[in-house]
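Every read-out reported here was derived from the displayed coordinates using simple, explicitly stated rules and does not represent laboratory data. These figures come from a predicted structure and were not determined experimentally. Methodologically, a virtual Cβ is constructed for each residue, glycine included, from the backbone with ideal geometry; neighbour enumeration extends over all protein chains shown.
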Amino acid sequence: MTPLLKVENLKKNYGTQIGCSGISFNLHPGEVMGIVGESGSGKSTLLNCLAGHLQPDEGSVFYNTKTDGLVDTILMNEPDRRMLGRTDWAFVHQNPRDGLRMSISAGGNVGERLMAVGERHYGHIRENALSWIDQVEISTDRIDDRPSTFSGGMQQRLQIARNLVTGPRLVFMDEPTGGLDVSVQARLLDLLRSLVIKMNLSAIIVTHDLAVVRLLADRLMVMKSGHVIESGLTDQVLDDPQHAYTQLLVSSVLQV
Amino acid sequence: MIQLRSVSKKFKLFNQQNAIISVIENANLNISPGECVALVGASGSGKSTLMRMIYGNYLATSGSILVDGIDLTKAEPREILEVRKRKLGYVSQFLRVVPRVPTLKVVAEPLLSIGKPETESLEIAEELLEELNIPKKLWQLSPTTFSGGEQQRVNIARGFAYEFPALLLDEPTASLDKENRDIVISLINRAKNKGTAIVGIFHDQQARELICDRQIDVKKFTPDINGSDA
């Protein structure tokens, strides 16, 4: 089976400082992979390299496109990569303000991504936006309100709606539940989980919250100082960690 | 159906003086379809470790573990997940669910995940919950607030919703009253008669006698505690 994403020996340095190095893995359709590690371990650098937000120094990121099969997205020209980012890919930022336009309405935020792929019929756009706002459990009568009037949890859910409206196949998420209170987190996770199953999404989730990966991720990569030190099935890595750092990480979680 | 070949397990605890704990050594086990094997032994002897290795939660230090011919010690994560979906079920002692999901959905989930139509899956779930005496008015609630015995029965219903060819049971009758215990035992025997291979831990001796074909004392896989091996 052809993987959806095939990463080979990816490396990114900041001057002499290692961002991430020697990263290789395959992601298959419908697979959800978590990347965990302490802050500064290179998780976000890696995610941004994969999503085309950062230019890596070495290595390749092959994506299985609908039309041409596996294509190296790093060598791809800019318009094609942007098109990918608007259609097949989605990126959920930690801070919803980075992924939303705060000064246009919630409906406009969802509709914009549809218009970017060529949808022009206002009625269809609005209908689609309404259905998505409802799916992410935001009351539909808030569709004309600006996201700046929304709570943090609602903003995050709106960002997810905006990202998923074009039916992406691969979603990158950077700490999707960071900065939200626990009850909102649980609700968001449950929502994400059901959407991932329903839409057969593949996803790469960067987080430092082990409970999040336990719930969402099929498999796990543990990073430290820019390198992947351990990877495998999520519950195996969490229940029987093989590396000293992972053991420390797992045993440091506070029991509730 | 389930085969263990010279399986051993050592835990290395890096953050606790690099202690190495050898739990299982040279375990060989063969479980055929329709056979039920009970793991027995004192607490700490490695029964759960053995079960978790079969389920792929723990990595085997050496040896191979085959479920329906697939070697789990060499399989990719997605292959293990596929085995768990279609071949190997696990009923743990404690229910672990996503908050907010209603009981009926929790039980039907293993069926939905293999693509069975929703109405059919929910029907099977309803039948099981009814058989296990979970009051109908609880079906639409999340099981997180249920009593211990109810949670365990929900867990069992979930484990038996799909007819797995191989099943791991961790104390399925532990916190149940006699009536419900008998129901669970008949459920297990029914699965057995349909050809399910079962490995279980049963502290309840009576249940063990009613279900199991043979017992394996895990002690014979346990290295001598005093013999130091690194």
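Here's the picture: charge each Lys and Arg Cβ at +1 and each Asp and Glu Cβ at -1 in the protein assembly as shown, and of B:LEU132, B:LEU39, A:LEU4 the one pushed furthest to the positive end of that dipole is A:LEU4.
Along segment A:65-74 the Karplus relation, 6.51 cos²θ - 1.76 cosθ + 1.60 evaluated at θ = phi - 60°, assigns HN-Hα couplings of 6, 5, 9, 10, x, 5, 10, 6, 6, 7 Hz to successive residues, with x for each Gly and Pro. The ranking of A:ILE197, A:ILE229 from fewest to most other beta carbons within 10 Å of each one's beta carbon is A:ILE197, A:ILE229.
For the protein assembly as shown, the mean residue ellipticity at 222 nm estimated from helices alone is -11000 deg cm²/dmol, where every DSSP H run of n ≥ 4 contributes -39500 (n - 2.57) and the total is divided by all residues, rounded to the nearest 500.
Based on Cα contacts under 8 Å between residues 6+ apart, segment B:1-71 shows a relative contact order of 44 percent.
Descending by average beta-carbon neighbour count within 10 Å, the peptides B:16-22, A:88-94, B:132-138 line up as A:88-94, B:132-138, B:16-22, the highest first.
Counts of other chain beta carbons within 10 angstrom of each beta carbon in peptide A:233-241 average 6. Between helix B:77-86 and chain B, what is the angle of the helix's C-alpha long axis to the longest principal axis, kept within 0 to 90° and rounded to the nearest 10? That helix lies at roughly 50 degrees to the long axis. Across segment B:129-144, coupling constants 3J(HN,Hα) worked out from phi with the 6.51/-1.76/1.60 Karplus curve, θ = phi - 60°, read 4, 5, 4, 8, 6, 8, x, 4, 5, 8, 4, 8, 9, 6, x, 4 Hz, and Gly and Pro carry x.
Counting 0.36 nm for each residue step from B:ARG100 to B:HIS203 and taking away their Cα separation leaves a gain of 33.9 nm. Taking label positions 7 Å along the Cα-Cβ direction at both A:THR2 and A:MET102, the computed distance is 4.2 nm, reported to one decimal.
Remark on A:LEU54: its backbone amide H falls under 5 Å from those of A:CYS49, a criterion applied only to residues 5 or more positions apart or on other chains, H modelled at 1.01 Å from N. In order along segment B:178-185, phi translates into HN-Hα couplings of 4, 4, 5, 4, 5, 5, 5, 4 Hz, rounded to whole numbers, per the Karplus curve 6.51 cos²θ - 1.76 cosθ + 1.60 with θ = phi - 60° and x for Gly and Pro. What angle, in degrees between 0 and 90 and rounded to the nearest 10, separates the Cα long axis of helix A:152-164 from the longest principal axis of the Cα atoms of chain A? That works out to roughly 90 degrees.
Sparsely packed loop sites in segment A:1-103 (the trypsin sites (Lys or Arg not before Pro) outside DSSP H, G, I, E and B with at most 15 other Cβ atoms within 10 Å) comprise A:LYS66, A:ARG101.
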